[in-house]
Amino acid sequence: MEILVVEDEVRLARHISRSLTEAGHEPVMVHDGETALWKTELKRYDLIVLDVMLPGMNGFEVLRHLRAQKIDARVLILTARGEVSDRVTGLGLGADDYLAKPFAMQELVARVSALGRRFPGEAPMKLQISDLVLNLIERKLYRGTRRIDLSARELMLLRVLMREPGRIFTRTELCERVWERQHEYGLKLVEAFISRLRKKINSPPLIHTVRHLGYTIRESE
């Protein structure tokens with residue numbers, strides 16, 4: 001699932017994001033309510049992990065606005081306060097589940113997976129460009145009948161490209177989506193992984209460099 005993580009504690013947000021990525025999801029992090037609402041106007045998310053105690057606009061206000069705008073993404077609220085009144089308020093505003101802090105990360109991932117089963121989305125189980133097929137459930141890649149082994153990061157990078165064929169991704173975008181912390185890893189790593197994918201996928205080429213802009217995946221002309 002594509003998941004928006006709304007959490008003002010940056011380290012916790014990164015931990016949540018990393019755990020969701022390892023479970024096969026595609027998380028995006030923001031750290032305040034206003035940015036969360038802006039993100040949901042630009043893109044439809046399958047699920048939102050929403051902290052209640054946010055600076056400025058709190059999680060309940062964000063949730064109230066989401067439901068007023070008919071945004072039907074599943075919402076898992078996080079709260080440091082375990083009072084029944086908070087749970088009732090969140091569920092009454094349209095949250096689908098809640099989790100009180102502190103929590104085990106395994107439980108958060110399990111709750112997210114449970115929500116995915118309860119409300120199955122329309123996301124495809126397979127992505128395909130020409131004869132290149134990525135099975136998202138089995139996390140396996142095929143070029144025709146040939147099985148291609150990928151590392152976890154290679155798979156994540158290819159999945160980002162294949163979800164939006166023809167779109168040009170800058171190196172910065174890819175670095176932020178796959179590695180999260182651009183300055184720590186550097187843009188050269190993106191180039192290295194693109195090179196690895198090209199060698200594994202082989203010809204005819206499907207991953208293309210758009211000079212001065214970035215990379216895209218599409219069928220060769």
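Read-outs: derived from the displayed coordinates by stated rules, not from any lab. Since the structure is predicted, the reported quantities are computational estimates derived from the model, not experimental observations. Glycine gets a Cβ as well: all are built from the backbone with ideal geometry, and neighbour counts include every protein chain shown.
Taking Rh as the Kirkwood radius computed over C-alpha pairs, what is the Stokes-Einstein D of the chain at 25 °C in a medium of viscosity 0.890 mPa s, expressed in µm² per second? Estimated via Stokes-Einstein, D reaches 131 µm²/s.
Excluding I71 itself, calculate the net charge of residues whose Cβ lies under 10 Å from the Cβ of I71, where each Lys or Arg counts +1 and each Asp or Glu counts -1. Net of charged neighbours comes to +1.
A straight line joining the Cα centroids of region 126-169 and region 86-102 runs 36 Å. Reachable lysines from K140, Cα under 22 Å, same-chain residues fewer than 8 places away excluded? Within the straight-line cut-off, K140 pairs with K126, K199, K200.
Couplings for region 159-172, taken from phi via the Karplus curve 6.51 cos²θ - 1.76 cosθ + 1.60 with θ = phi - 60°, read 4, 4, 5, 6, 5, 9, x, x, 6, 8, 9, 6, 4, 4 Hz in order; Gly and Pro are left as x.
Net charge of the neighbourhood of K39, taken over other residues with C-beta under 12 Å away and scored Lys/Arg +1, Asp/Glu -1, is -2. Axis of helix 10-22 versus longest Cα principal axis of the chain: the two differ by about 50°, to the nearest ten degrees. If you take the alpha carbon atoms of region 2-118 and fit the smallest convex hull around them, that volume is 91 Å³ per residue. S151 sits among other residues whose Cβ lies under 14 Å from its own Cβ, and their net charge, with Lys and Arg +1 and Asp and Glu -1, is +4.
Where only DSSP H runs of four or more residues are counted, the chain gives -13000 deg cm²/dmol as its mean residue ellipticity at 222 nm, each run worth -39500 (n - 2.57).
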